[in-house]
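Notes to accompany the following structure.
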Amino acid sequence: MMRRMILNRLGTSVLSLFLLVTIVFFLIHATPGGPAYSILGMHATPEAVAALNKQMGLDHPLWQQYGIWWAHLFEGNLGYSFTQHAPVATLTGSYLANSIILYVLATVIAVLFSVLIGMFQGYWAERTPGVLIGAGQIIVYSIPTFFIGVMLILFFAIYVSWFPPGGIGGDQSAGGVLNIGSYFHHMVLPAITIALPLTAGLSRYFGHQARSEYRLDYVRTARARGVPPLRIAVNHVLRNAIRPLVTVIGMMIPGIFVGGILTESVFNYPGLGWLLWRSALEQDYPTLSAIVLLIGVLTILGNLAADLTNSILDVRVRYE
Amino acid sequence: MNLKRLKEALLVLSLVGTGAVAHAADSPNIQNGGTIVTVPGVGLAPPSSMNGFNPLLTSSAYDTEAENLMYQPLIWVNRDFKINFNLSVAKKIVVGPKHRSFTVYLSRHWKWSDGVPVTTADVAYTYHMLMKLGPLWPGWDSGGVPGDIQSFTVLGPYAFRVVTTRSVNPTWFELSGLSDFYPYPAQSWQRYTVKQMNDNMTNPKFFSVVDGPFRLESFHAGRYASMVQNLAYSGPDKPHISRLIFRFLNSNASVFFALKSGTVQLGNLPDPLYPARKQLTNDRLTISGPNWGFNYLGFNFSNPKIAFVNSLLVRQAMMHAINQDLMIKVLGFGHGARAYGLVPGNPPVYLSPEAKALLKHGAYDPALANKLLNEAGWHRGPDGIREKDGHKMAFTLYIPPSMIRGPTLLATMLAKVGIVVRMREMPFNELYEKMIDPHSKNWQAVYLAWSQTAYPTGGSIFKCGGVQNSYHYCNKEMDAMMDRIRITSGLDALYKFQNYFTDQQPVIVLPNMKLFVMAAKNIHGVSHAITPGGNFYPQFLWVSHDQ
Amino acid sequence: MSSSPTDMNVNNSLVARPIPGMFTRLWTDSLRHWVGQYSHPMTWTGLGLFVFLMLFSWLGPVLYPVSPLAIHANHLLLAPSWQFPFGTDNLGRNLLARMMDGGQATLEVGLLGALIAISLGIIYGMIAAMSPRWLDKVLMRLLDALLALPAIVLMIFFAAIIPLNALSLILVLGCLSWPGLARIVRNEALAYKEKDYVLAARQFGASTFYIARTHLLRSMLPILIVNATFMVADLILALSGLSFLGLGIQPPHASWGGLLNDGLQLVIIGPWWMIVFPGVAIFLAIVAMNVLGQGLLARLEGR
């Protein structure tokens, strides 16, 4: 029964992924312009554009290009980016490596703080501390990401020099040896920038959950009986409140990438969000398709995991 | 946000040059060694990234900057646009009596870093590759290449001869045509196909054989490229620094932050941030430029909706309606220069006496602009907008991202004389597509810039049917003048052409701003290292360690 | 008000007949009931704040008829003064006037964009909920695909083919935001579909459309309104993010996000007025909507 559900859901997820990739493929190819103009810039002449388009394989009909892309994909070939002069796999790989750690770090920070803040908010709901926390959440949520980024740079990298004002760590060492410390040093401010809005929203959610838990009869009974508050918090409230954690994180994934675009732009951080933005702007079709595929896979997997966890944990949920 | 302003608007400059006269070697205090961290485009354009180092295949001015450090040019042009044969691979050029044959003799001391001497085999390799690449090579169809070339013959390991189809202006051909034939390492590259070269655009191992002062050490996508001194460099002016790093930044604010925190020691101070220059306490300001190019407002002459631009009086009126001094004051904080023609003024070696006079006097005359528009039959309607036969004088101006202030100012000035300008901002590639794609004829006006060649003819841009003439501008008289420049020697033809151009204003030329270069206080030689041609010569920089 | 057969003979005055002003009374009564039910200090704060911002943007230019486009070349980057209450930007334009102009664009995009998103979301979600299982499945898979789509790609596509002014941004952002709402609508509709009174209505022959409109919609209206308020806030934030990336309102007009971005690019020169005013305006708009939504939510949950 379980296996059937998983297979069923997996099948439909693949359908989603396929739809996503197809929509994006046709959308980006339909956008006027084309990478030839990005590459040639002012040197573009109709002749040069035609020659370059031929070189890039863009003179085939769109259906054919679509088929060729899938065929290459099954061979494991993600294509070649003519605007960045590198195979897409290598390009995406290096930018992805930079981003993944950053995004994971940001998510971990966000989740940890959200749960903590949420617990406090649930405990002190409707009393002053709870209200204050609620106000704080709304305030932080209402500040645009790039504003946070620039302010952080200004205060922590320019007025004082605690952190570098951007870029990624580990460079300028003579042999190119990665300096782990420098790497993380460069990640702090961007991670905070991504994590802050996430925390605001997520902690509000957890606060909500926690408050519902705290009002449940058995919890109130336990409190009345004098069970230490910490034990109540951890054993009862926390356990139940974080059950939807996976769902929520799964749904946050596209949002993390979008936040990533803005943050990486502000901090000159060479990550996937920035690459997505650049390749969309330059109409670097192969790279763009590959990144969208990647984000799609991650998101849909996230949703899948969320749904499955939900249905396992709560048999009352209607499962199609 | 990526600012690729002038980068996209510049043609590849196939020339390098600097004044090697007051040479740093005369000063006894020069210290060797050290690393300088900079950004691509110093003294040239807003920063961006480099992403390819093969000069046969790249067209970005940032890539060219690095390539010029690795490969010594056949013809080195200094900042006054004269050939410096000490720094050229060519030793001497003998021009035949009919100005059709150019025999080039190479210096024998240039060597590749693998020990192989630089010979005509390398020049021949380049020539054949360029012919093979055709339109894929950005310099195609300009400077007389390939149109005016009849034959290319190797005479020996240190001599070759190019014969042109007709008699040409030797200065023009040497500076704009012959200079394309950089020697590239044939022994190293011959065995690769074009596809293989494309796959290795950023691989330092592919570029290990060089003859210039620097070679590529490493490349990290999105982060930086590092170059080190080429210890086997066999020419004069050996570099003093041992390492040069180009960090890839993509916004004005980030350049400033990097300069302030010392992460970058040499970079451009973005124009809008000029008032904050005092905050860069560790840096010294060098004002350079304006650069060798021109900004302009261009029109699509074949678009019936803006047929009014075909009228000479209207174009001249626009020229007189623009207060260039105000633009320089607002956009460049007073640091800039007027410009009315396609021949840049810094250095003024090609300016005609009339051009010099006009630059001194200025052309801002709104009363004259109004008069000219009235003469052309365009009178102000009840709302102040010029109209004629039921049509209003208005156009849509496409502008590249981040170039908003200039057009906004421009729009205000034109509005004062009754012309309405609607702005539409779009990314560069989209802008070019709308302008250049033969199927797309709807564009009306663009706000862009051209960089000029070392001998500024503007041939491929303004000729009838020129490959880069997306304006559909066609003036037979101007064509004839441009042609005369290419075949007669001396500057008279160029003077006559530029005067006519200024009068005709096929594009409305706009003022040129200077560039603010910030360098850390312990970096010296900055003014030698940057030329108005937009070239960067880090071999003239040195770092003092005791500060 | 119907009378039972036994009452009929008792007193004629008890028979229902139209009273003048009856409908108005019904209307104001139910409005008062609703207001009473949902009244909450947060609701009023949020609403009041937002209305204030709207008045600033639309009434402001009437009271302060200064052009936001006029360039004053001798007054670049001036701090606030009597002549320029909010200061000037680096082209010498009056920031107060620009803020009013920007406010119109920003609030328009937020409100109308949310309206479009809700409408599309309701339609799609209802269709999915009320249709047979297989169709629902397909529609939800399509929705998953749309939700995973990076909006950036779509934005660039649209930016390439249409000029980005307030109207096109409203349409585009509305079309990008509806999937999230559609999912909520569909889930809520599914939950309510099985309720007793709906089943009863079906028994009485009510059509699907009638049920959808009358029962389901009405039940989920509070949830929708709450989500709508959050959506307005999100759209305003999204617009400011787009301005940062260069995909916002076309020059020379601006949105608050665009003005904030202009200020941030120059932050190192220190024109605090170019940052504080737009920043606070965006902040207030979002806070207003969030607080409004929170207030409604509180009442919904019976607090």
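The values are calculated or read from the model by the stated rules, or taken from the named source; none is laboratory data. Because the structure is a prediction, the values reported are computed rather than measured. So basically every Cβ, Gly included, is an ideal-geometry build from the backbone, and we count neighbours across all protein chains shown. Surface accessibility is based on the protein's heavy atoms, side chains included, excluding ligands, DNA and RNA. Shrake-Rupley method; radii C 1.70, N 1.55, O 1.52, S 1.80 Å.
Odds and ends about this structure:
- Residue within the stretch C:47-65 that is within 14 Å of another protein chain (Cβ to nearest Cβ) and assigned to a loop (DSSP other than H, G, I, E, B) present: no
- Condition met for A:Arg211 (buried (at least 18 other Cβ atoms within 10 Å of the Cβ), of a type in the set (D, E, K, R) and in a helix (DSSP H, G or I)): yes
- Tally of residues being under 18 Å from B:Gln444 (Cα atoms) and part of a helix (DSSP H, G or I) across the stretch B:396-411: 5
- Helices (runs of 4 or more DSSP H) within the stretch C:147-210 that include 3 or more residues within 30 Å of A:Val21 (Cα to Cα): C:151-161, C:166-193
- Subset of the stretch C:255-265 [open to solvent by less than 10 Å² (accessible area, probe 1.4 Å) and either within 10 Å of chain B (Cβ to nearest Cβ) or closer than 16 Å to C:Leu235 by Cβ (or both)]: C:Ser255, C:Trp256, C:Gly257, C:Leu260, C:Leu264
- Test set (1) away from chain A (no Cβ under 14 Å); (2) open to solvent by 30 Å² or more (accessible area, probe 1.4 Å); (3) at positive phi - B:Gly262 fails condition number: (1)
- Test: residue in the stretch B:354-377 that is buried (at least 17 other Cβ atoms within 10 Å of the Cβ) and without any contact (Cβ under 8 Å) to a residue 40 or more places away in the chain: yes
- When each of A:Val104, A:Val88 is tested for being modelled with pLDDT of 85 or more and out of contact with any Ser or Thr (no Cβ under 7 Å at 6 or more places or on another chain), the lone residue that passes is A:Val104.
Residue-by-condition table, conditions (1) free of Cβ contacts under 8 Å to residues at least 40 places away in the same chain; (2) acidic (Asp, Glu); (3) within 11 Å of chain A (Cβ to nearest Cβ):
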site	(1), (2), (3)
C:Met126	no, no, no
C:Leu146	yes, no, yes
C:Pro163	no, no, no
C:Pro179	no, no, yes
C:Arg186	no, no, no
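- Summed over the stretch B:385-412, the residues that are open to solvent by less than 50 Å² (accessible area, probe 1.4 Å), closer than 25 Å to C:Ile249 by Cβ and more than 9 Å from every other protein chain (Cβ to nearest Cβ) give a count of 9.
- Tallying residues that are touching a residue at least 24 places away in the same chain (Cβ under 8 Å) and either within 15 Å of the chain's Cα centre (by Cα) or open to solvent by 20 Å² or more (accessible area, probe 1.4 Å) (or both) within the stretch B:429-443 yields 3.
- Residues within the stretch A:136-152 that are among the aromatic types (Phe, Trp, Tyr) and open to solvent by 20 Å² or more (accessible area, probe 1.4 Å), tallied: 2
- Checking each residue in the stretch C:234-252 for being facing another protein chain (nearest Cβ under 7 Å) and either within 16 Å of the chain's Cα centre (by Cα) or at positive phi (or both) picks out C:Leu237, C:Ser240, C:Gly246.
- Odd one out for B:Phe257, checked against (1) open to solvent by less than 30 Å² (accessible area, probe 1.4 Å); (2) within 9 Å of another protein chain (Cβ to nearest Cβ); (3) within 26 Å of the chain's Cα centre (by Cα): (3)
- Qualifying residue in the stretch C:290-301 (condition: closer than 28 Å to B:Asn252 by Cα, in contact with a Ser or Thr (Cβ under 9 Å, 6 or more places away or on another chain) and either more than 9 Å from every other protein chain (Cβ to nearest Cβ) or open to solvent by less than 10 Å² (accessible area, probe 1.4 Å) (or both)): no
- Filter pass, B:Ala519 being of a type in the set (Gly, Ala, Ser), crowded, with 19+ Cβ neighbours inside 10 Å, touching a residue at least 24 places away in the same chain (Cβ under 8 Å) and part of a strand (DSSP E or B): yes
- Picking from residues in the stretch B:429-450 that are closer than 25 Å to C:Leu69 by Cα and not in a strand (DSSP E or B), the one that is nearest to the other protein chains (Cβ to nearest Cβ) is B:Leu431.
- Annotation: A:Tyr80 fulfils all but one of (1) over 16 Å from A:Arg278 (Cα atoms); (2) of a type outside the set (Gly, Ala, Ser); (3) surrounded by 20 or more Cβ atoms within 10 Å (Cβ to Cβ); (4) under 29 Å from the mean Cα position of the chain (by Cα); the unmet one is (1).
- Any hit, the stretch A:68-75, residues being in a helix (DSSP H, G or I) and in contact with a strand residue (DSSP E or B) (Cβ under 9 Å, 6 or more places away or on another chain): no
- C:Glu108 satisfies every condition listed in (1) touching a Phe, Trp or Tyr at 6+ places or on another chain (Cβ under 9 Å); (2) within 30 Å of C:Leu77 (Cβ to Cβ); (3) open to solvent by 10 Å² or more (accessible area, probe 1.4 Å) except (1).
- Residues being outside any helix (DSSP H, G or I), open to solvent by 30 Å² or more (accessible area, probe 1.4 Å) and assigned by TED's automatic domain parsing to the domain that holds A:Ile143 are represented in the stretch A:179-196 by at least one member.
- Residue ID - farthest from the other protein chains (Cβ to nearest Cβ), chosen from residues in the stretch A:114-135 that are exposed (fewer than 15 other Cβ atoms within 10 Å of the Cβ) and part of a helix (DSSP H, G or I): A:Leu116
- Residues (crowded, with 21+ Cβ neighbours inside 10 Å and assigned to a helix (DSSP H, G or I)) located in the stretch A:34-48: A:Pro35, A:Ala36, A:Tyr37, A:Ser38, A:Ile39, A:Leu40, A:Gly41, A:Met42, A:His43, A:Ala48
- Among the criteria (1) buried (at least 20 other Cβ atoms within 10 Å of the Cβ); (2) under 21 Å from the mean Cα position of the chain (by Cα); (3) modelled with pLDDT under 85; (4) not hydrophobic (A, V, I, L, M, F, W, C), the one C:Gly180 does not fulfil is (1).
- Among the candidates B:Pro185, B:Pro204, residue that is in contact with a Leu (Cβ under 6 Å, 6 or more places away or on another chain), more than 9 Å from every other protein chain (Cβ to nearest Cβ) and closer than 24 Å to B:Tyr71 by Cβ: B:Pro204
Conditions tested, residue by residue: (1) without any contact (Cβ under 8 Å) to a residue 12 or more places away in the chain; (2) within 14 Å of another protein chain (Cβ to nearest Cβ).
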| site | (1), (2) |
| --- | --- |
| B:Arg161 | no, no |
| B:Thr164 | no, no |
| B:Thr171 | no, no |
| B:Asp180 | no, yes |
| B:Gln190 | no, no |
| B:Lys195 | yes, yes |
| B:Leu216 | no, yes |
| B:Arg223 | no, yes |
